[in-house]
Amino acid sequence: MASTSTLTTATGAKRARPRRASWYAGLLGSDFAWGLAFVLPYLAVFLLFVIYPVAYGLWLGSDPRSYTKLFADPIYIETIINTVIYLAVGVNVKLFLALLLSGFFMRPGWWTKTLLLVFILPWAVPAIPTFISWHWMLNGQWGLINNAIWDLFQTDGPPWLDVAHLAMGSVIVAYIWKWLPFWTVIFLAGRMAIPKELYEAGAVDGATGFRRFVHITFPLMANLYIVCTLLSTIWTLGDFNTVHFVSGGGPALQTHVLATLGIRDAFELADPNMGMAAVITALPLLIPLVIFLMRKLSTSEVHL
Amino acid sequence: MSTVARRRLGNAGAGLVGILILIWTLLPLYNMVLVAVQQKEDVFATNVFPPHPTLESFYAVFEESYWYLANFWRQMGNSAYIGVAVALLTLAIGSMTSYAITRLRIRLGWLLTNAALVTYVIPMSFLAIPFYRIMKTYGLADNAWAVILVEVTFATPYAIFIFSQYSASIPHELDEAARIDGASPLQIFFRIYLPLMAPALVAIGTYALLLAWNEYLYAFLLLSSDSTITVPVALGKFLNSDEAPWNYLMAASIVYALPPLVIYYIFRRYMSAGLTMGGVKG
Amino acid sequence: MRSWHRRGLVAAFGLGAAMALTLPIPARAAGKTVVIWWNQGFYQAEDQAMKDSVAAWEKATGNKVELTFSNGSDLPAKVVAALTTGEVPDIVYADTGDFLLIPQNAWNDKLVDVSDVVDSQKSEYNKAALEAGRYYDNVTHKRSYYGVPLKEQALHVEVWKPLVEEAGYKMSDIPKQWDKYFDFFEDVQKKLRAKGKRIYGLGYSLATKDSDSTYLFNQFLVAYGGGGIVTPDGKLHADDPKVREAAIKALDKLTKPYKEGFVPPGAINWGDPDNNNAFYARQIVMTPNATISIAVAQMEKTEQYMHEIVTQQLPLGPDGKPVTSLVAVKQAFIPKGAKNVEGAKDFLKSFIQPKNLDNYLKQARGRWTPVMPSIVKSDPYWLDPSDPHRHVSVSQQIGDNVPIMPWFMSFNPAYADVNAEQIWGKAEANVMTGGMTPEKAVDIALGQIKADFAKYPVPTE
């Protein structure tokens, strides 16, 4: 029902606000109903597909014996270290490169635009086939890379997936390859939102190139960068596909991360409780990240 | 150094970076094509360039003539069905929720926003077994809707965020003006909100579709029969084969990769606009 | 201990959710359908053989079967998920069932006792098969049959004849004694490399993945005299110096060539299909394999099948005597909670009738060996000398000229954990890339094995 109060179009903010409040209050009944109607679908999804699974997952992982078994597993410590390295190196190198590349793609010219189109491919092409391709490409005996090395230098290339630290590095590189375009586009849009006038004003004061980046671009992108770091860390913590298809956790179970360890415990050791326990041990890292992210998003008006 | 020389150096540097980007991006994709166009025997034979390129594996995929590929088009259909359903549902639920939070400004909107973030507390792959149980309880075993609902659950929080941010750029005066004219919230939603949100809708729809198209773990756990599984799960079956016609696997992968590519390229303009509307204040 | 409170909460959610959704939960056709989850074969003929057997039974009894194939690494995952949630099929057959699923779940009383099925053909089975199907149930405290033996496999060796000849040798030059046999292939590699070939002599699977590596190590362990590591009463003998020494020798014999460059470095990552793939690509001269699938998959290529790929039995032991063949008996099982146990048992009883089993295994092109000596004796197919591969692997496994023994998992499910945790695979990696001595690696492994066995106290019967 339309409001019957005579509301002249809001001219001065001071006068509009009290009117708006009373207008809202008057309609609170039906507005609330509408509001409820609009959020009901998500509420249903949340209850049925978030609360219940999380509760069940926590219950599966609630047995203390699972944790004893978990910590006694010789590969657990290594897995934690791998996960930390994967996050620290993978996320940060990727985002830093994304930041730099976003500057590169600001350059004018048709060929930059075309390059961007090609650059997007890793993100747009489905993960499974590309990671399988990486796995084959890195095969020490017949993979593309070592074939090329043999053809050029008559020597066997490095055993990319057969030595633990090389395998971990390969996984990180494959991961960066896949997600770099996505974050580059995000940063690119962030840069494009910076008003040109700022750059022009800065140029007058002599801020070009590197100084321009340090004094104008970076401060304005800082919040976006932090939010992206948090978000990417959270998403990467749950990343299963990359490790599973590129290195398979090998060699000798030395490149597992928590996500793949959970699945391995659940299905290869046929112990789902231990699998859930493994992923629950990631919570002490996850929960602070999520809380921090919540704060950042609500206070600093960062737009993703 | 003179400005001309500096510019030339800058261009040369940019050119070098461009070439590096090209090689970096295309190498694994080239490998896919390389394997797909080789004959079976050559796949392991240490080649950098295909010795006898052939489109034979693509024919096998299109004609479903190999036993692992017997249901390929059906499975493509499944992937498409799931992808589109996920996209539409995510858009619907995400936009409705964001509308309620940002336009109707319901009292506990902040609670919903944070609750959505809770979904990220336990990442997707961690909830595999609980979801298996739950889908059985809901009677959705071996049903595409099991996968659809899982994907929607994990795509919607991001959708709500993007929509909420994007919505900040649409002046509230429009809503008020419509209210004065007697529009109900539903009409405002369809006539004003959605049309203005179009770029964000396209961006999130594409994002959700790609998310579903990339999915392996849940599709594998929740779907079992040949007629319901999606292409990634079917491709996974190749990996255990003794015969290893991996050229077929890669050809099927390339065919599988085309739809999201096409969709992305059609909608790419909306992607950056929709995903990152607004500035970086603060 | 799980509290009832938590269970109640979850149950309440589940109930509420189910009611709220009012989605129809599919009603099962009362008792007439049998749901079967079967392991996908390595080639189409295997799957077709199963489909045909099922169709024949459906026709004969008028029942319906819902048959789903899953591939070898996915099926266990699905079974575990099913067993956790209680929504199980009626019959499960997984290639690796005897390695982990059956021993563990039998121990936890999660399987249906199938003694009546096995008894229907008891006189037909060979001794190892009968031993393999019996497991200890820790809830009822007794041993019984929880797996229905269907077929078996054992390790033998596949060799490329042309490559051996290219190195200047004849197949008859290959030594018969254990150590010399494997050393021979290192020599072949040297000769081929001198000709410029980028090739490896030994195709050992040395990974912490799948089962080929586990198979290889354990067979070597038995060959060097460590077969008593677990005795049929379920007791572990890790402190037996004979066992320890056998383990050290086996570990050394497998890892030394890797370090010296006679095994492809990628072998540390080889899943079950990978040694096959390396073999087809002619990157290795020979590979131990547990079935004749490598040859059989190339059956259409007559030249390769008949003349170029050679299947060989295990060489004679280090002491010159025949080595006991470790035979893995593949079994189907019925999970508890299955909706149609009667129909499942009926199907299995029909399936294991020697005639039917013979047809099924024949249609699978002989990749698996019969567990019933009468099948081998009555059907000339199995020992047919005109096929160069089948009779070699079959005669190694029927127990006549070469002794056979079942795997240790049936004696004590703790060994299933040992395999799942890839304890021996990790030991290999410790020596190959971790710089450890075989002695130290074996001691660590035995320690871990002891810890696993401590979790499964099997009383002496």
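The numbers here are math on the coordinates, done by the rules we state, and not lab data. Just so it is clear, the model here is predicted, and its values are computed rather than measured. Neighbour counts run over all protein chains shown; Cβ positions are idealised from the backbone, glycine included.
Observations
- The magnitude of the dipole of region B:68-275, with charges of +1 and -1 set on the Cβ of Lys/Arg and Asp/Glu and taken from the Cα centre, is near 340 debye.
- Distant-in-sequence amide contacts of C:Val327, defined by a placed amide H-H separation under 5 Å and a gap of 5 or more residues or a different chain, comprise C:Met405, C:Trp407.
- Set C:Lys242/C:Lys455; C:Lys235/C:Lys450; C:Lys142/C:Lys235; A:Lys94/A:Lys178 screened for pairs whose C-alpha atoms are more than 18 Å apart: C:Lys242/C:Lys455
- Region B:68-275 has equivalent-ellipsoid semi-axes of 37, 19, 13 Å, by the square roots of 5 times the alpha carbon gyration tensor eigenvalues, sorted largest first.
- For chain C, a/c is not less than 1.5, where a ≥ b ≥ c are the root eigenvalues of the C-alpha gyration tensor, and a/b tops b/c. That puts it in the prolate class.
- Cβ-to-Cβ counts within 10 Å put A:Asp151, B:Asp226 in ascending order as A:Asp151, B:Asp226, the fewest first.
- Placed amide H near C:Val35: partners under 5 Å, 5+ positions off or other chain: C:Glu66, C:Asp90, C:Ile91
- Cβ-defined net charge surrounding C:Gln312, 11 Å radius [Lys, Arg +1; Asp, Glu -1]: +1
- Label separation (A:Ile149 vs C:Gln353): 6.0 nm, computed from points 7 Å beyond Cα along the C-beta direction.
- Here is the tail figure for the protein assembly as shown: Cα pairs spaced more than 54 Å apart come to 22 percent of all pairs.
- Bridge type composition, the protein assembly as shown - antiparallel percent by DSSP, nearest 5: 60 percent
- Put in order of Cβ neighbour count within 10 Å, fewest first, the listed residues B:Ile148, A:Ile194 become A:Ile194, B:Ile148.
- Other residues with beta-carbon under 14 Å from the beta-carbon of B:Ile170 carry, at +1 per Lys or Arg and -1 per Asp or Glu, a net charge of 0.
- Dividing the radius of gyration of the alpha carbons in region B:3-63 by their Kirkwood radius gives 1.31 for Rg/Rh.
- Among B:Gly139, B:Gly94, B:Gly236, residue whose mean-square fluctuation peaks in a GNM of chain B (springs only between Cα atoms under 10 Å): B:Gly139
- Rounded Å value of the spacing that divides the Cα centres of region C:76-103 and region A:95-174: 38 Å
- Euclidean distance between Cα centres, region A:187-212 to region A:252-283, Å: 47 Å
- Packing here is the average count of other Cβ atoms within 10 Å per residue, and on that basis the peptides A:225-238, B:204-217, highest first, run B:204-217, A:225-238.
- When the inverse distances between all different Cα atoms of region A:116-168 are averaged and flipped, the Kirkwood radius reads 12.3 angstrom.
- Modelled FRET efficiency - R0 45 Å, A:Val84 with A:Asp205, Cβ distances, 0.05 increments: 0.60
- Filter on C:Lys122/C:Lys336; C:Lys180/C:Lys259; C:Lys51/C:Lys176 - keep pairs with C-alpha separation over 30 Å: C:Lys51/C:Lys176
- Neighbour counts of other Cβ atoms within 10 Å put C:Asp187, A:Asp265 in the fewest-to-most order C:Asp187, A:Asp265.
- P(r) for region C:332-461, from all Cα pairs and a bin width of 5 Å, is 2, 9, 12, 11, 11, 13, 14, 13, 9, 5, 1, 0 %, short bins first.
- For region B:33-146, dividing the convex hull volume of the Cα atoms by the residue count gives 205 Å³ per residue.
- Interatomic Cα distance distribution for region A:69-299, bins of 10 angstrom, percent: 7, 26, 30, 22, 12, 3, 0
- Most positive-pole-ward Cα, B:Leu261, B:Thr206, B:Ala251, against dipole of region B:178-275 from beta carbon charges: B:Thr206
- Backbone HN-Hα couplings from phi across region C:327-344 [Karplus 6.51/-1.76/1.60, Hz, Gly and Pro as x]: 10, 9, 8, 8, 10, 9, 9, 10, x, 5, x, 5, 7, 10, 5, 4, x, 4
- Expected 222 nm ellipticity per residue - DSSP helices of 4 or more, -39500 (n - 2.57), all of chain C, to 500: -13000 deg cm²/dmol
- For q = 0.18, 0.20, 0.25 Å⁻¹, Debye-computed log10 I/I(0) when each Cα of region C:385-461 counts as one equal scatterer: -0.83, -0.88, -1.03
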